Amino acid sequence: MASQVPSETSTPAVPVQTFQPQVVVMTTGNTETAPSCCCCDDGCKEENEERGNWSCNFESILASISYAVGPGYLWAMPYFISRNGGGVFLWVYMVMQIFIGFPIVYLEMALGQYTSQAPIRAWGGVPLLQGVGFGMVVMSAILSIYYNGLVAQMLYYLFYVSGDLSRATSCANPWNTQSCGECNRTVCTVGVFSAEEYLNNHVLQLSSGIDEMGAVRGPLAGFLFLAWLLVVVALSFGAKSLGKVAYVTTLVPLFLILVLFIRAVTLPGADVEIEFLLAPGFVPEANRYYPILINAIVFRLSLGFGGYTTLASYNRFHNNVLSIGILGIPGAHN
């Protein structure tokens, strides 16, 4: 019997191969784009050639701390603590930093690092929330104008008042009023502090209201120009120059705060005052207490202004943004 000839339309049998599931671990020797804790100013490859990247993670951490830290901790936090329950407010404040402050900081940083864009373009990916990015930029612009005015006053005090302390702490000046009061090491006379009148009546020369503009103070105008010039210089080369400036704007304020803190706690009677400050006191009603608490958290960390989004946009894409957020918030509260 003749053998059966296979039809031209028949499909030949294909052997079935089975593969065992495997986990493949891939390593790369490309360390130029990998996040590094060490600075690489000698030619690291940029992931974002248009905007640039931080030279190292340490600069990113310093810039994040510098964005939040400031001398306001020396007077704002003791005021908030003493007026809102003492040590109770401090403990609640620190706990709420974990549940409110850190998630928002992490959200802003993650968004900036993922998109490698500033707030307007970063939030532009969500059509419903495009206005959030514009709102952040507007608030940051207003805040920058406000803070540069303060920087101008600080520069004035740095160059002028350091050699004029006798007049700044005296009530025998043309700008002093009848209600001026002086202080010495033991007692203060009742009235407006001489230093306050020196600031309002001599340095700022405040007018009676917005309807009276007053004259432009030459020294203050010059220091305001210098403050904006420093901003331009710091941002002139993008992340590279900003990262180097962060060493000064972070470490110097932290050092000054540490020096002033040590000086304050070593004054006579400091232990009694610290005990009085941290002792549980009167807690305002809930409808006033929690708004004050949230305001302190948002204001201290500058949340919602888009600064963290902008700073994190210079990170490399695979950078560990979580570690920067964890290190940045405690560093801003030292």
Worksheet item: Points 7 angstrom from Cα along the Cβ direction at SER144 and PHE282: gap in nanometres?
Response: 4.3 nm
Worksheet item: What's the extension gain from ASN320 to ALA76 if we count 0.36 nm per residue and subtract their Cα-Cα distance?
Response: 84.6 nm
Discussion item. Which order do you get for SER116, SER166, SER236 if you rank them by accessible area with a 1.4 Å probe, largest at the top?
Written reply: SER166, SER236, SER116
Worksheet item: How far is the Cα center of the stretch 201-266 from the Cα center of the stretch 285-317, in Å?
Response: 21 Å
Item to complete: Name the residues whose placed amide hydrogens come within less than 5 Å of the amide hydrogen of VAL192, ignoring near sequence neighbours (fewer than 5 apart) on the same chain.
Response: CYS180, GLY181
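The values are calculated or read from the model by the stated rules, or taken from the named source; none is laboratory data. As the structure is a computational prediction, the values presented were derived from the model and not from experiment. FYI the Cβ positions are ideal-geometry reconstructions off the backbone, even for glycines, and counts take in every protein chain you see. Calculation scope for accessible area: heavy atoms of the full protein, side chains included, ligands and nucleic acids excluded. Shrake-Rupley method; radii C 1.70, N 1.55, O 1.52, S 1.80 Å.
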